[in-house]
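Below: one structure, written as structure tokens.
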Amino acid sequence: MTTTSTSTSENSAGKSLVARPRDAAAVILIRHDSDPGDPVLFWARRSARMAFLGGFHAFPGGQRDESDAAVMIQGCDDSERATMIACAVRELFEELGVLIARSVDTLTKGQRASLLDDIESGRMTFAEMLEHYGLQIDADDFTFVGRWVTPPFSPRRFDTWFFLAGCPARQVPEIRTPEFDEGGWITATEAFEKWKRSDMLGAPPVIHAVKTLSHGLTSDLVDRFLAIPQAHLEPVRRIEFRPGFICFPVRTPTKPPATHTNCYLVGNDEIVIIDPASPYEDEQAELAKCVDELIAEGRVIREIILTHLHPDHIGGVNNLVAHLDGRVPVAAHRLTAEALKGTIKVDRFIEDGDRIELAGEPSITLEAMHTPGHARGHLCFYNQGTGALITGDNIVGLGSVLIDPPEGKMRDYLNSLQRIKELPNLTVLFGAHGPAVGNPREKIAEYINHRLEREANILDAVRRQPSTPKEIVEAVYTDIDPRAFPMAERAVLAHLEKLQEDDLVKLDRDGRFTAVAGEVISTEF
Ligand SMILES: [Zn+2]
């Protein structure tokens, strides 16, 4: 476990806002007839509809239930571990219908289904069900292979216990939860190859598990699982959802609920560093350490790139430039460079359509997209080969995107979203805040629909009566915390600007917005 530094008040800023991890357990299920040299495991893809890690491959599992502590586990003196084994067994049973318990083979498939029904209908707790049918869970059937904590950049965080378990020969896992949209058996080697080919997305413990298992069920298997500090609750700093795309979240003074900004280090041999964001010394040092490690591995840092001008994206630029002895140039859009004049020296301008070719095995080409809306000089970076898009603040994995005039412009923003939506191959969005988005099409549609819905509601409010932005917020933003009203007012203003350009509203002399169409016809005198 790491301890938090409290050396200066600045360095501790924002730490208290980070979500606390909740207890969870997951099961890496191994097929009984696996080749020990390349075991067959069960994994499933989280549904694209899931807000958290939708589209990611994962193992069955979930949060600890109050009742898990009541389950008797044989051969385990440690009550905490026993509870987490119970959690793992229950989740596996609920999600895949596989029940790992001694003497379970005396039950038919139909009987197991009725047990599931007993639990799901609430007739019995899991503990009661086991006792009623004389089933015992034995700790020996579950090999502990690590405890991972979700990095602090995520809105939902888990302290997850991972267990390896053999699937009973007579049971066939079937997906029984809407959490997953597909799943099945796969050899560990093929699963790891899929990640290497950018054919799947997985959280770090999943990638670690398939990689570890791809070396076979050797006698040192558990040691290999536990050989890294991240398997012992040390937070993962360097997250490689996709090979060649390292996400390195750094704590920043950003907009809640986000507490971190994702810095991306892209490339295999040649690397660009996108948004070294943190103004905090401790976080700058962590990023510098990661960069030094990459250099020590023989990689070359080619450029530091800025997606846009906001302080929670550029706070660590000058520090990193200095750390690299001023040898690495800074690149940004011309409009960003102009706005940052005197603060950050931008050495090269990036324009829409520019290609950044990063040598390596494999090489990675990033295509710059000028995507104004959130900020005038906002850039996204697209890698068509793998369908990855670095979205900056245009689309984020956590929280919402503020369009704040005059830097923000709603029409430009919607056009930028539309352009992104039309990209030919899009498999993952790497946003500046929160986890990667593995269901890009759904996410973009949600963003566009949300804005259009707001716009319709705002127009509706103005048509009912001329209003100030403040009055509109109170009428339309009934779903948000009143503390966010001042920010919502900026967003309303952005919508009103667009509606003005569309000749649907106009601004009265008293500061109220009025519907244009509404005042044209009046049949009453
Ligand atoms: Zn921003």
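Backbone phi angles across segment 332-345, fed through the Karplus curve with coefficients 6.51, -1.76 and 1.60 (θ = phi - 60°), yield HN-Hα couplings of 7, 5, 3, 5, 5, 4, 5, 5, 9, 3, x, 9, 10, 8 Hz in residue order; Gly and Pro are listed as x. Accessible surface calculations at 1.4 Å, restricted to protein heavy atoms, place segment 275-378 at 44 Å² per residue. Accessible surface calculations at 1.4 Å, restricted to protein heavy atoms, place segment 54-114 at 42 Å² per residue.
Under 13 Å from the Cβ of Gly75, count the other residues' Cβ atoms, weight Lys and Arg +1, Asp and Glu -1, and hand me the total. Each step should come with its number before you reach the end.
On the way: positive: Arg81, Arg102; negative: Asp77, Asp78, Asp138, Asp140, Asp141.
Local charge sum for Gly75: -3.
Under the membrane-span-like helix rule (DSSP H runs whose alpha carbons stretch at least 18 Å along the helix axis, mean Kyte-Doolittle hydropathy -1.0 or higher), the chain yields 79-96, 281-296, 485-501.
Computed from phi, the 3J(HN,Hα) profile of segment 370-384 under the Karplus parametrisation 6.51, -1.76, 1.60 (θ = phi - 60°) reads 7, 10, x, x, 6, 8, 4, x, 5, 10, 10, 10, 10, 10, 5 Hz, with x in place of Gly and Pro.
For segment 409-469, what is the accessible area per residue in Å² when the probe is 1.4 Å?
Working: 2620 Å² over 61 residues.
I get 43 Å² per residue for segment 409-469.
Could you estimate the translational diffusion coefficient of the chain from the Stokes-Einstein equation, with Rh from the Kirkwood formula over C-alpha pairs, at 10 °C and 1.306 mPa s, in whole µm²/s? Provide the component values of the computation, followed by the final result.
Numbers: Rh = 25.4 Å.
Result for D is 63 µm²/s.
Taken over the Cα atoms of segment 21-125, the convex hull encloses 156 Å³ per residue.
Over segment 289-392, what is the relative contact order in whole percent, taking alpha-carbon pairs under 8 Å and six or more residues apart? Display every interim value, and only then the final one.
Values: 160 pairs, mean separation 22.2, N = 104.
That works out to 21 percent.
On the principal axes of its alpha carbon atoms, segment 184-249 extends 35, 28, 19 Å, with the longest extent given first.
Placing a label point 7 Å from the Cα of Asp508 along the Cα-to-Cβ direction, the residues of segment 461-482 whose backbone N falls under 15 Å from that point are 461-472.
If only the Cβ of Lys and Arg carry +1 and only the Cβ of Asp and Glu carry -1, the dipole of the chain around its Cα centre is close to 740 debye.
Go ahead and estimate [θ] at 222 nm for the chain from helices alone: -39,500 (n - 2.57) per DSSP H run with n ≥ 4, summed, over the residue count, rounded to 500.
Working: 15 runs with 160 residues, N = 525.
One gets -9000 deg cm²/dmol as the mean residue ellipticity at 222 nm.
Lys and Arg at +1, Asp and Glu at -1: add these up for the other residues within a Cβ distance under 12 Å of Glu446 and post the number. That works out to +3.
For the chain, the carbon plus sulfur part of the accessible surface works out to 50%, probe radius 1.4 Å. Apply the a/c threshold of 1.5 to the C-alpha gyration tensor of segment 315-371 and tell me whether it is rounded, prolate or oblate. Oblate, because a/c is 1.5 or more while a/b does not exceed b/c.
Taking θ as phi - 60° and the Karplus parameters 6.51, -1.76 and 1.60, the scalar couplings of segment 178-186 work out to x, 4, 10, 9, 7, x, x, 7, 8 Hz in sequence order, x denoting glycine and proline.
The values are calculated or read from the model by the stated rules, or taken from the named source; none is laboratory data. Please read all numbers here as calculations on a predicted model, not as lab measurements. When we count neighbours, we look across all protein chains shown, and the Cβ atoms used for this are built from the backbone with ideal geometry, even at glycine. Please note that ligands, DNA and RNA were not included when accessible areas were found on the heavy atoms of the full protein model with its side chains. Shrake-Rupley method; radii C 1.70, N 1.55, O 1.52, S 1.80 Å.
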